[in-house]
Amino acid sequence: MEVSLYSAKGSNSSERVEWVLNFKGIHYDRIEVRSDELTTTYLDINPFGYVPALRVDGSVFSESMAIIEYLEERFPHPGLFGDNLNDKTHIRRVCEYVNSSIHSPQNRTVLRFMRPELDETSKRELRGDWIMSCLAKLSTSICCESGFAVGSSFSVADIFVASIYKKALQHGCARNDFYDNHLLNIRANDHVAASEPYA
Ligand SMILES: N[C@@H](CCC(=O)N[C@@H](CS)C(=O)NCC(=O)O)C(=O)O
């Protein structure tokens, strides 16, 4: 089986997939896509012009959530979607919130289109503030049973939450106790820590 991940430095959505691949012990090649390629040659791989994309033996998949669900079904062990339907639904809820409501509006392409008047510094500030204001709402309904976001084991919800928090820090946001604790708790598990990209 040949697996290639199309990724780009600093890509939050790609980090999620990379973390899942590492956690599940799936060997892959990482292909770095340059920003000029995203709007030219790479459109043959993903017509949306976004990383990540995953090639598995000639089939190409895009959209991080779809890729992760594919990986979970094809390589179920170790599992990342909990062990019962309630947890699975809560995990998907967190991932959807991060993917659709937090990450998408602060995407570079979205801001370039919607707010072309903003300079790079103002965009960074806006992106960070948006992420942290959404994470504040999320904090009231995660890590209720343990240090993990949902239930009592590591799941893809932890990957989405930790990655988007780290993105806010990269945008220059102040550290947050709740999300720092979340990072500490998940990293206490050696396998989680070893599989985290760009820790
Ligand atoms: N919903 C997509 C979002 C993908 C996405 O936004 N990718 C960003 C990097 S994190 C990207 O390729 N941006 C290109 C650009 O802004 O030019 C997914 O989950 O895969």
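We did not get these values from a lab; they are worked out from the coordinates using the rules stated. Just so it is clear, the structure is predicted and the values come from calculations on it, not from any experiment. Here Cβ is always computed from backbone atoms with ideal geometry, including for glycine, and neighbour counts include all displayed protein chains.
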Hey, can you tell me all the residues within region 118-135 that are without any contact (Cβ under 8 Å) to a residue 40 or more places away in the chain and of a type in the set (A, V, I, L, M)?
LEU118, LEU126
Would you call GLY151 among the small types (Gly, Ala, Ser), at positive phi and surrounded by 15 or more Cβ atoms within 10 Å (Cβ to Cβ)?
yes
Residue under question is ILE159, and the condition is that it be within 22 Å of SER64 (Cα to Cα), in contact (Cβ under 8 Å) with a residue 12 or more places away in the chain and under 15 Å from the mean Cα position of the chain (by Cα); does it hold?
yes
All but one of (1) charged (D, E, K, R); (2) under 17 Å from the mean Cα position of the chain (by Cα); (3) closer than 23 Å to LEU38 by Cβ hold for GLU69; state the number of the condition that does not hold.
(3)
